[in-house]
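The values are calculated or read from the model by the stated rules, or taken from the named source; none is laboratory data. Since the model is a prediction, treat every value here as computed from it, not as a measurement. Every residue, glycine as well, gets a Cβ built from its backbone with ideal geometry; the counts of neighbours run over all protein chains shown. Accessible surface is based on the protein model in full, side chains and every heavy atom, while ligands, DNA and RNA are left aside. Shrake-Rupley method; radii C 1.70, N 1.55, O 1.52, S 1.80 Å.
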Amino acid sequence: MARLFEPLTLGGLNLANRIVIAPMCQYSAEDGAMTDWHQIHLGQLAMAGAGALTIEATAVSPDGRITYGDVGLYDDRTQDAMLRVIDSVRRWSDVPLVVQLAHAGRKASCAKPWHGGAQIAPDADNGWQTVAPSAVPYAATDHAPIALDEAGLVRIRDAFADAAQRAARLGLDAIQIHAAHGYLLHEFLSPLSNHRDDAYGGSLANRMRFPLEVFDAVRDAFPTDRPVTVRVSGTDWIEGGWTADDTAQFAEVLERRGCAAIHVSSGGLDPRQQIPVGPGYQVPLARTVKDAVKMPVIAVGLITDPHQAEQILQEGHADAIAIARTALWDPRWPWHAAAALGASVKAPPQYLRSEPHEAGRILKEMER
């Protein structure tokens, strides 16, 4: 069997294969609440045959949204909206559902990407005051964030825990904590954005402190038989920033605290970053982390070809691969990967007759 289609266990969650659909922001919520768009978007991806499907970055508080169109899970209204979408997806698909809990920090209060994506001033429509470890803006033209005080740290930590409890009530199978791409928890980790002189700044141990407190709060708030994972940026791609070795040390501490898997992306913290984009460009970062931990490591980033994905796993660089834009371009990518690698994958019974004769019998009926 192709390793890509071997099962994988994350904590107490069993995945049918090692393809994970990564979270992808849709910027289509209404005041934090999911809409019919999310039902369409997640519904089609739930038919893809992946081992798990991750719901996009979901803010734990209104000021933690990247844009005013971001999904939230911070009150009964946003919880009920997500429940409607989840119920619809689960009616037709048995794919495990993961939610990525997030706070955008200083990169919050932005316009939607198709409206330019620039930060919106606090006193403008659809804008609000951002917060961060230090009062350092992401870009020189941005409105400076407010440095979080002790009460602010408690508020955000509690918001993550509350969102985790809501995720449990929704019956979601796992949580991924977003500590990547320059958002709040990554801002604490990187010395480029964390200039604090208290217990949350300075040394690597201090800079890890708040992200670890958030992890502990989420782990305590979520059922013990369901996994909590973390997404990290493996490097800032800038001199003096967060590094792959830092990531490996962070991963080791997370593993000791009960983290079930780590998903290694990169960048997003500083506009000066120089990213050598190319096929599998982040895989070496995943390998650095994998060499340091026993928990499953998920690689992501321009993994578009089934044979490329299989090679990553065969060579031991990661335990699973994640696809994002690839899944938007080709929502049946796992089917096509199964055909290319001589494997099989689950599909809804309504679609079983769709496979071309030359593909062989790659589709098997999805349980519902």
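Do the conditions hold for residue 323, that is, is it β-branched (Val, Ile, Thr) and within 30 Å of residue 141 (Cα to Cα)? No: the conditions fail for residue 323. When only residues in the stretch 100-150 that are part of a strand (DSSP E or B) and within 27 Å of residue 54 (Cβ to Cβ) count, which is most open to solvent (accessible area, probe 1.4 Å)? Of everything passing the filter in the stretch 100-150, 119 is most open to solvent (accessible area, probe 1.4 Å).
With respect to the conditions (1) in a loop (DSSP other than H, G, I, E, B); (2) of a type outside the set (D, E, K, R); (3) open to solvent by 40 Å² or more (accessible area, probe 1.4 Å), residue 249 falls short on a single one, namely (1).
For the stretch 235-245, the condition holds for at least one residue, the condition being that it is open to solvent by less than 60 Å² (accessible area, probe 1.4 Å), assigned to a helix (DSSP H, G or I) and over 26 Å from residue 168 (Cα atoms).
Candidates are the residues of the stretch 86-98 that are in a helix (DSSP H, G or I) and charged (D, E, K, R); the one that is most open to solvent (accessible area, probe 1.4 Å) is 91. Whenever a residue of the stretch 272-283 is under 10 Å from residue 237 (Cβ atoms), its partners that are of a type in the set (Phe, Trp, Tyr) and assigned to a loop (DSSP other than H, G, I, E, B), lying with C-beta atoms within less than 6 angstrom and at least six residues away or across chains, give the pairs 273/237; 274/237; 275/237. Scanning the stretch 27-65 for residues being without any contact (Cβ under 8 Å) to a residue 60 or more places away in the chain and not in a strand (DSSP E or B) gives a total of 16.
Give me a count of the residues in the stretch 64-85 that are among the basic types (Lys, Arg) and surrounded by 24 or more Cβ atoms within 10 Å (Cβ to Cβ).
In the first step, residues of the stretch 64-85 are kept if they are among the basic types (Lys, Arg); the result is 65, 77, 84.
In the following step, the residues that additionally are surrounded by 24 or more Cβ atoms within 10 Å (Cβ to Cβ) were identified as 65.
Total satisfying the criteria: 1.
If the requirement is being in a helix (DSSP H, G or I), modelled with pLDDT of 95 or more, farther than 21 Å from residue 166 by Cβ and open to solvent by less than 10 Å² (accessible area, probe 1.4 Å), which of these qualifies: 185, 254? After applying the criteria, what remains is 254. Just one of (1) of a type in the set (Val, Ile, Thr); (2) without any contact (Cβ under 8 Å) to a residue 60 or more places away in the chain; (3) open to solvent by less than 20 Å² (accessible area, probe 1.4 Å) fails for residue 228. It is (2). Kindly check whether there is at least one residue in the stretch 206-225 that is in a loop (DSSP other than H, G, I, E, B), of a type in the set (A, V, I, L, M, F, W, C) and open to solvent by 10 Å² or more (accessible area, probe 1.4 Å). For the stretch 206-225, residues in a loop (DSSP other than H, G, I, E, B), of a type in the set (A, V, I, L, M, F, W, C) and open to solvent by 10 Å² or more (accessible area, probe 1.4 Å): absent. Residue-level analysis places residue 202 among those that are in a loop (DSSP other than H, G, I, E, B), at positive phi and open to solvent by 10 Å² or more (accessible area, probe 1.4 Å).
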